[in-house]
Amino acid sequence: MDFATIIGFVAALGIIIGAMYHQTHGHLMGFYSTEGVLLVIVGSACATMMSMPMKNFLATFRVLGKCIFYKEVPLTQALMQLVDFAAVARKDGVLALETRLDEVTEPFLAKGLRMVIDGQDHEAIETSLRLELFSQGERHAIGKKVFAVMGNYAPAFGLTATIIGQVVMFQNMGSDISAIGGGLSVALLGTLYGSLFANLLCLPLADKLGIRSGQETMLKELYLNGIMGIAAGHSPTELKQTLLSFLDGRTATKFEQES
């Protein structure tokens with residue numbers, strides 16, 4: 001579970017609600033507007049639906065789960081596993097890896113190792129795995145775009161709510177004071193909702209998805225290079241030195257000292 005996303009959201013929301021509570025002496029309902037919610041949240045969601053295929057929009061909640069429940073695999077752990085597999089292949093042959101496939105939980109790595117065990121051509125293995133990496137990148141880009149687009153539309157719909165509220169306010173100037181107050185409330189709350197929905201939810205989640213996509217791509221690039229090294233018959237030491245390039249200098253030095 002990604003605690004950074006949860007803690008960040010809850011803390012930011014708590015600060016905002018706390019400021020509202022303090023300024024209104026507990027009258028939080030003064031910050032609620034049904035019209036503002038409909039215009040900003042529902043409106044921006046509908047505009048996002050219009051801008052992309054329905055299946056991508058409906059996958060929003062699945063993508064959101066990736067932000068919250070993402071299980072990060074350390075590169076050092078993946079590196080150690082690949083070096084271990086290289087040692088087995090060097091000692092007993094690549095066919096011996098078949099008995100170790102039950103240990104592999106990553107489908108990408110399992111697929112690559114099976115192709116090596118089956119004796120497929122090295123170029124065919126790399127082509128297949130790189131195509132999978134490419135398609136993964138495309139899927140991740142679309143998932144990120146859902147939240148990025150929604151975050152871009154939200155302030156615009158907040159402005160729409162502001163304009164509608166101002167029109168109501170100006171139409172009732174000099175007559176119904178309560179209508180002026182209602183229009184001004186919608187105007188201000190629309191801007192508030194647009195800003196909060198974009199900057200507290202949509203855009204941070206889009207950025208987090210971009211980071212997660214980069215992490216997953218890096219991990220699979222490590223797996224791909226490890227698989228190709230095993231297929232080429234590289235020694236565990238040779239493979240480790242190659243894969244250490246994926247780690248930052250400090251982590252690589254620490255890994256070499258401990259292994």
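The values are calculated or read from the model by the stated rules, or taken from the named source; none is laboratory data. All values derive from a computational prediction rather than experimental measurement. Here the Cβ is made from the backbone with ideal geometry for all residues, glycine too, and neighbour counts use every protein chain on show. Each accessible area value is taken on the protein alone, full model and side chains, heavy atoms only, with ligands, DNA and RNA left out. Shrake-Rupley method; radii C 1.70, N 1.55, O 1.52, S 1.80 Å.
Can you find, among Y70, I117, S33, the residue farthest towards the positive end of the dipole of region 1-142? Put +1 on the C-beta of Lys and Arg, -1 on that of Asp and Glu.
Farthest towards the positive pole: S33.
Please enumerate, by chain and number, the aspartates and glutamates with C-alpha under 12 Å from the C-alpha of K66, excluding those fewer than 8 residues away in the same chain.
D2, E216
Roughly how many Å² is the accessible area per residue of region 120-228, as a whole number, for a 1.4 Å probe? List each step's numbers first, then the result.
Details: 5350 Å² over 109 residues.
Dividing the accessible area of region 120-228 by its residue count gives 49 Å².
Compute the helix-to-body angle for 249-258: its Cα long axis versus the longest principal axis of the chain, expressed 0 to 90° and rounded to tens.
Taking Cα atoms only, the helix is inclined about 50 degrees.
Using +1 on the beta carbon of Lys and Arg, -1 on that of Asp and Glu, and nothing else charged, what's the dipole of region 61-187 about the Cα centre, debye to 20?
On the way: 12 positive and 14 negative charges, 79 e Å.
It works out to roughly 380 debye.
Could you give each residue of region 60-69 its phi-based ³J(HN,Hα) in whole Hz, using Karplus coefficients 6.51, -1.76, 1.60 with θ = phi - 60°, and x for Gly or Pro?
4, 5, 5, 5, 4, x, 5, 5, 8, 10
Per residue, how big is the convex hull of region 1-65 when only Cα atoms are used? Give it in Å³. The partial results should precede the final answer.
Values: hull volume 6.7 nm³, N = 65.
Residue-normalised Cα hull volume stands at 104 Å³.
Identify the chymotrypsin sites (Phe, Trp or Tyr not before Pro) of region 46-87 meeting these criteria: DSSP loop state and at most 13 other C-beta atoms within 10 Å of the C-beta.
Working: sites: F57, F61, F69, Y70, F85; in loops: F69, Y70.
Taking region 46-87 and a limit of 13 other Cβ atoms within 10 Å, the loop chymotrypsin sites (Phe, Trp or Tyr not before Pro) found are F69.
Angle check, please: helix 3-24 long axis (alpha carbons) against the longest principal axis of the chain (alpha carbons), in degrees 0 to 90, nearest 10.
Taking the Cα atoms of the chain, the angle to 3-24 is about 10 degrees.
On C-alpha positions alone, give me the angle between the axis of helix 75-92 and the longest principal axis of the chain, in degrees, nearest 10.
The angle comes out at about 20 degrees.
Based on Cα positions only, what radius of gyration and what Dmax would you give for the chain, in angstroms?
26.3, 91
Based on alpha-carbon centroids, what's the gap between region 197-215 and region 37-85 in Å, whole number please?
Going from one Cα centre to the other spans 9 Å.
When you have a sec, figure out the Kirkwood radius of region 124-243 from all distinct Cα pair distances and drop it here in Å to one decimal? List each step's numbers first, then the result.
On the way: mean 1/r = 0.0549 Å⁻¹.
Across region 124-243, the inverse of the average 1/r is 18.2 Å.
Highest mean first, how do 120-127, 144-151, 165-172 rank when packing is the count of other Cβ atoms within 10 Å averaged over residues? Write down the numbers at each step before the final one.
On the way: 120-127: 13.1, 144-151: 21.9, 165-172: 16.1.
Packing proxy ranking, top to bottom: 144-151, 165-172, 120-127.
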